[in-house]
Amino acid sequence: MASITSIRCRSSKDASSWSRSKSNRSTYSSSYSYSSSSKSVSNGSNESDMIFLTASVVSRVADTPEEAHDSRTIPTITSHDDSSQDDSSLEVTCSESDIETSYDTLGLRSCDKPTSGGVAGDAAKSIGGVSEITEPRHYVPTPSISVPQEMNLLETTIKANITPKANLLAGLEAADHPEQYVAAAEYLALGRKQIGPSGWETDRSLTLQLYSEGANLAYRTGDTNTMNILLDEVLSRPDLTIMEKFRAYEIKIIARQSADQYHESLKLGLEVLKQLGLPVLDDKPRSKISVVIEYLRTKRALGKRTAEELASLPRLTDERIGMGLRISELLLTSCYQAQPTMFPLLVFRMVRATLKHGVNISSGDALNSYGMIICGAFREPQRGREMAKAGQLILEKYEFRKSRATLGADGLTYYWTAPLLDSLLRKGHHLGVECVESRFIYAVEGLIYHWSKPLRDTLEPLHEGNRLGLECGDIESAGFNLDFYLAHTYFSGCQLGGNAVTEFIDRHIKYQNIDGDVSQRVHMASELHIENYFLALKKLRGVEIQEDERDFDGILAVANDMGNKTLHAHIYLIQLDEKVFFGEWEEAAEMLNSSGSDAQDALLAMFAGVRWTILEALISIKAIRFSKKILPSLKWRRRAYKAVQTVRGWAKKKNPNIKHSHHLLEAELASFEGKKKEAVSHYSEAIETAEKNGFLQDQALSNELASLYFDSIGDMARKSVHRKNAIRCYSEWGATAKVKQLQNRTACTN
């Protein structure tokens, strides 16, 4: 599925292709985090020395070394497993009355922190409801990420496990807990040593599991060298069938995705499908016509089946088909990143295979993905929710939420690909292989539900999905939940300098600063996604990026090297958003043209894709005005009307997250067409709806554009009112640089 930022294992070798060394691992470590090491605090006694602690997005400055250790000055970051800390801990330690530093955590003077009056010194209470916007009810801070700690096997019960089978059982049981991955890997290593090379002849099934699960645990601990050795041993054996090699192929595909090698993982997965004797799609871009044809075939096959009817389909018993569905499920992530137009075709095939052969664990993912497509591309949000419900019922009916595998009493691992008999489920236990529920949450909350419920209502479930993924070791899904969580806070208008944003940054950075590449779980695209959003925050705040920090072009260069089209599109989207807020319309138009025609396809079903269309319409309307030649002006006109028509279609489906933007586009269009009465009415509706739904940044933008419109028709009174309101809203949002820009413009016109 789509990435916005997953958190997975990586080795220092993987990281070297995109990141700096451990001492300067990413711009995060130098620009966004604070370090608790002695390097962060000067030992000198001169009171004029400045103590720099990078906390959150920019450096925090204290007057003396003593202040740097004062709990009143620096918020205490407590581990998420500390039962003595509640959700309000950061709010308490960072309250305005307690902070005595020269700057707050996001680079503003403490006296200018956005509270009820915003960052402008003389601003009155914001137009928007402060309680709803500054302290959003649905924004729950993300906990810090636990990193597995290495265990000494000599101090465990390893002495009792004197047989290879006993070590396999001990290792798999330890693998139930992410913090015991290292110990689990060592159990399996001892089992492989005990059974020796002859194990392939004496007990092939046991040896295969020791190697395959050993490779999985090596991947989980970041030991890619061991992982590759074990995988090569399994995959190179001519006496093993494709079905016996399947687990090794599965791990290899996941590992390549973790290293952002999406094209490679896609190629490998297609080869596995071919070996299984299943139909294989060609790895190439697809036309919209071919997508529509396949959609109509799938829609006809589904008919009007309800969620309950889909969940009641027979259980899949053909293991070969089950393996094919699992590989296809994995390839959805690769397709979304590397070959977006191929993604829907793969989903349609998975849905039709489920209807023909029966239900297994991958069927839930197939139906969720189908729901996402019909929401984003075919404007059927209610049918999309029905598909999500079907996926949920399938997980519940077959107890797939628990795990992908079950350990039988004989010590053999029974995967989801085989029929999981009730007797095995009763005797088995939960293997921490992959938490299906975490994956389900990010799929429905990040890609389906935002079409029909408020964006902020997705935040708390995404937080829970992140926790579940980390808890069971599914760090990929945990990262996807984190990605959507961060993106939705930005697009829903949560305050830029709010406590929840600060805590998210600090806790993520605390995790980043833990020593030891081997045990860390970091995903390259995830870090770049987060870096991208934080650069936007810094620009809105008016904070300069640091010398060793990547700018947007730097992140874009890495995204291009990785071939990650989703990340590529997100980088352009955030820059377009920034240029619109700062009124840089000509630059925005130029960037919109240079972003490529497939950028929007890469954001399929995300709210980011919705935002792209809204910005495209707004920029295109502005571009009609400043285009000096007839042909470019006509092209912008066609583009504007097409984008506006798309937004109108979404509005008819009663999407609660775009109603205000729809009114703003209609106002700008009416303004261009000289329809004064319609323009005034739509500006008013845009402002009122944005306020009601908590989109503070768009409330500010609507006020600003209304001010410019009234200026153009000579209504100076209403121009002044809307400009003041824009300043207040931007102030409440925390966009210091934008407030300063508007204040300077006001001063120049007075």
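The values are calculated or read from the model by the stated rules, or taken from the named source; none is laboratory data. Please read these numbers as outputs of a predicted model, since none were measured by experiment. Glycine also receives a Cβ, built like all others from the backbone with ideal geometry; neighbour counts cover every protein chain displayed.
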Checklist entry - Does segment 368-391 contain any residue that is touching a strand residue (DSSP E or B) at 6+ places or on another chain (Cβ under 8 Å) and either in contact (Cβ under 8 Å) with a residue 12 or more places away in the chain or among the hydrophobic types (A, V, I, L, M, F, W, C) (or both)? => result no
Item to check | Every pair of residues 6+ apart whose Cβ atoms lie under 8 Å, when the first sits in segment 672-698 and is under 18 Å from Asp711 (Cβ atoms) while the second is of a type in the set (D, E, K, R) and surrounded by fewer than 21 Cβ atoms within 10 Å (Cβ to Cβ) | outcome: Phe672/Arg625
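Give, as residue ranges, the helices (runs of 4 or more DSSP H) completely inside segment 259-352 that count at least 1 residues that are within 30 Å of the chain's Cα centre (by Cα), farther than 18 Å from Phe246 by Cα and of a type in the set (S, T, N, Q).
288-302, 319-338
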Checklist entry - Within the bounds of segment 642-655, is there any residue that is of a type in the set (D, E, K, R), modelled with pLDDT of 95 or more and in contact with a helix residue (DSSP H, G or I) (Cβ under 6 Å, 6 or more places away or on another chain)? => result no
Checklist entry - Of all residues in segment 263-298 being free of Cβ contacts under 8 Å to residues at least 12 places away in the same chain and over 30 Å from Met562 (Cα atoms), which is surrounded by the fewest Cβ atoms within 10 Å (Cβ to Cβ)? => result Leu296
Checklist entry - Which ones in segment 599-631 are part of a helix (DSSP H, G or I) and either touching a strand residue (DSSP E or B) at 6+ places or on another chain (Cβ under 7 Å) or over 21 Å from Lys659 (Cβ atoms) (or both)? => result Asp601, Ala602, Lys622, Ala623, Ile624, Arg625, Phe626, Ile630, Leu631
